[in-house]
Structures are given as structure tokens and as C-alpha cells.
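What follows is a set of notes on a single structure, which appears directly below.
The values are calculated or read from the model by the stated rules, or taken from the named source; none is laboratory data. Bear in mind that the values here come from a model prediction, so they are computed numbers and not experimental data. Backbone-built Cβ (ideal geometry, glycine too); neighbour counts: all protein chains shown. Ligands, DNA and RNA are excluded from the accessible area calculation, which covers all protein heavy atoms including side chains. Shrake-Rupley method; radii C 1.70, N 1.55, O 1.52, S 1.80 Å.
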Amino acid sequence: MKQTPLLFRKFRQLLACVLVSAFILSGFSGCAPRQEKEVDFRIVTSFYPMYIIALNITDRIEKVEVSNMAGQQTGCLHDYQLQNKDMKNLETADAFLINGAGMESFLDKVLEQMPQLPVINASEGISLLCSDEAHKHEHEGHEHAEEDYNAHVWVSISNYIQQVETVTASLMELDPERAEQYRKNGDIYIEKLAALRDEMHQELDDLPNRDIVTFHEAFPYFAEEFNLHIAAVVNREPDSQPSAKELADAIRLIRETGVKAVFAEPQYSESAAQVISAESGATLYLLDPAATGEDDPDAYLNAMKNNLEILKEALS
Ligand SMILES: [Zn+2]
């Protein structure tokens, strides 16, 4: 008889243990919390500027996930090599948001394997500038292929607004259940961008100097929008250093034309720009094409606000 209460106590302890465990397990992996995190629309973006567009349009919309294929610090995709994890990521995507205009040269390879993947081409309907290399070929009678166009469409705020509009309309079509929310977010973002564009015009339109020298072909759309003249692009291949001849040519051109400002980009090495600045007497500034940055929906707006301050100083 003495053993019964002991067994009973053991049994009670065991029962309590089981109940506590069940409670903890239900808290961490039970149905209710998991359902809140469930994703039912997955957007994969090709690179940073598209990621920032998607963050804004999907802001505070539940069960929509945005992931950025190239990561936040890759920059332009000119030499991007598609990886296995990218293909895996795209296999379960409900939409693949690309810049278009030739930036994603790997797109054919993706569509060959996933012909059903819905692709949103943000640059659709935007009139594209030729790359300078293509200009040379044009006179030799070549037809234009997509890689002959300048892909840096988003660096003009007007183009970027059109991209936001295209992405908004496409998401409304692909995910009609949330159409109203996408529309609302898209409109809010476009309003902010348009206000900044107006402010930039007010500040920049009357500045006396319009000539700039840049590295890498990121700024023609931006220059067109604000009526700036790109006197020279020093280095068209962003990942290589300019040759000695390219450096010498740029320095001579700056001296001859009296260009006062050289603009490097935060994404690329400054050393060549420093040499040119030191040798030519032009001041070196950083201009940001918003191709990399923070994981922040306001990153594009902030980059353009910084560019405005820099241009005001450089061109006065
Ligand atoms: Zn680029």
C-alpha cells in the first residue's frame, strides 16, 4: 500500500510533463501561428532597384513575400552568373520582377527551363537609349539587339515612376485578391517620387554648369531627364579598371572642355576617378545610381535626395 502514492505521484509528474510539452509545442508549431506566416504569393526580384520597387508596392500586405535574387550589394547584373539556388528560388515564384532592357541577360536560360514563370518586365513601354557602342554600330547598318540598349532605365525618376506603374498593374493582374492594396501602395510611392522629381527640377534646372564626366554608363537617362550633358564616360566596363589610354583621354578632354566635376559611383572603385580628378583639376564627387543599398523601402528616394545635394554643389 505504501507504493501506490509514490506511483501515483510519478504518474502525476509524467502527466504534467506531457501537458507542458504539448502546450509548448502547440505554441511554437501549432496551426494558428504557422498560418499567420503562410505565404501565398512569392515575388522574386532580379536586382536591387526592382527589390525596392517591390518592397514599396507590397508594403504591409500580408502573405506576400519578396526576395531579391542578386542580393542587396551586387549592383548591376552585367556579368551576373545564374546560380543553382537562383533557379530553385524561381521554381516556386509567383512572379519574377526584372528590369528588362537587357539587364538580365540570363533571362532566356531561365525561361527555357521555366516557360510558365510569370515575368514582369518593368521597362516595358519605356523608350530606350542606345548604348554608345551601339551608336557606333548603327552607322555601319547593324540592327539593334537588346544588349545594344542602355539598361540603366531606373536611374531617371520619370522612367522609374513608369516602372512602378507597370509593376503595380502587373501585380494587380497576377494577384487580383490583393489588387486594391497594390494599387494603393503604388499610388503612394508614385506620389513621393513625383514630388522629389519636381523638387529636383526646381533646384537643378537653372544651375549654370551642365557638363559632367561619369564612370560606367549608368547616368544617360538621369542626364536626359535633368538636361545634363555627359561630356565623357571614362569606363564602360564597370568591373575593369580603365586603361592608361582611357585615363589619358579623359584627362585631356576635361582640360580641353573645362568640365568642373567628375562623378564616380559608390559601387565601383574610386582610384581611377581620383587619378583623373588630381590630373585634370576637376573635383571628384560620388553620384549614386541606386544599384545597391540598404534593405530599406526609402533607399531610392534617399539616394536621389543625396544626388540632388551633390549636384547642387558640383554644378553651381
Ligand atoms: Zn550598370
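Picking from residues in region 250-265 that are touching a strand residue (DSSP E or B) at 6+ places or on another chain (Cβ under 7 Å) and open to solvent by 70 Å² or more (accessible area, probe 1.4 Å), the one that is modelled with the highest pLDDT is LYS260. Across region 83-105, the number of residues qualifying as part of a loop (DSSP other than H, G, I, E, B) and within 17 Å of the chain's Cα centre (by Cα) comes to 7. In region 269-291, of all residues being in contact with a helix residue (DSSP H, G or I) (Cβ under 8 Å, 6 or more places away or on another chain) and without any contact (Cβ under 8 Å) to a residue 24 or more places away in the chain, the one that is farthest from the ligand (Cβ to nearest atom) corresponds to LEU284.
What about GLU180, is it open to solvent by 20 Å² or more (accessible area, probe 1.4 Å) and either modelled with pLDDT under 95 or within 16 Å of the ligand (Cβ to nearest atom) (or both)? No; evaluated as a whole, the condition is false for this residue. For region 280-291, filtering for residues that are outside any loop (DSSP other than H, G, I, E, B) and either farther than 16 Å from PHE219 by Cβ or among the hydroxyl-bearing types (Ser, Thr, Tyr) (or both) leaves 3. Within region 204-211, the presence of a residue that is within 16 Å of the ligand (Cβ to nearest atom) and open to solvent by less than 30 Å² (accessible area, probe 1.4 Å) is excluded. Among all residues of region 236-249, there is none that is more than 15 Å from the ligand (Cβ to nearest atom), more than 19 Å from CYS76 (Cβ to Cβ), open to solvent by 60 Å² or more (accessible area, probe 1.4 Å) and modelled with pLDDT of 90 or more. Of the residues screened, GLU294 is one that is open to solvent by 20 Å² or more (accessible area, probe 1.4 Å), assigned to a loop (DSSP other than H, G, I, E, B), more than 14 Å from the ligand (Cβ to nearest atom) and in contact (Cβ under 8 Å) with a residue 60 or more places away in the chain. All conditions but one from (1) assigned to a loop (DSSP other than H, G, I, E, B); (2) open to solvent by 70 Å² or more (accessible area, probe 1.4 Å); (3) of a type in the set (D, E, K, R); (4) away from the ligand (no atom under 14 Å from the Cβ) apply to ASP59; the one that does not is (2).
A count restricted to region 247-279 and to residues that are outside any helix (DSSP H, G or I) and among the polar types (S, T, N, Q) stands at 2. Quick check on ASN99: is it crowded, with 18+ Cβ neighbours inside 10 Å, touching a residue at least 12 places away in the same chain (Cβ under 8 Å), among the polar types (S, T, N, Q) and within 16 Å of the ligand (Cβ to nearest atom)? Considered against the rule, which asks whether it is crowded, with 18+ Cβ neighbours inside 10 Å, touching a residue at least 12 places away in the same chain (Cβ under 8 Å), among the polar types (S, T, N, Q) and within 16 Å of the ligand (Cβ to nearest atom), ASN99 comes out as yes. Pairing each residue of region 193-221 that is over 14 Å from GLU313 (Cα atoms) and not assigned by TED's automatic domain parsing to the domain that holds LEU286 with any residue that is open to solvent by less than 20 Å² (accessible area, probe 1.4 Å) and within 16 Å of the ligand (Cβ to nearest atom), provided the two are 6+ apart or on different chains, yields C-beta distances under 7 Å for LEU193/TYR160. Could you pull out the residue among ALA194, ALA179, ALA169 that is hydrophobic (A, V, I, L, M, F, W, C) and touching a Gly at 6+ places or on another chain (Cβ under 9 Å)? Every option except ALA169 fails the conditions.
For region 216-233, which positions are of a type in the set (A, V, I, L, M, F, W, C) and either away from the ligand (no atom under 16 Å from the Cβ) or open to solvent by less than 20 Å² (accessible area, probe 1.4 Å) (or both)? If the condition is that a residue be of a type in the set (A, V, I, L, M, F, W, C) and either away from the ligand (no atom under 16 Å from the Cβ) or open to solvent by less than 20 Å² (accessible area, probe 1.4 Å) (or both), then ALA218, PHE219, PHE222, ALA223, PHE226, LEU228, ALA231, ALA232 are the ones that fit.
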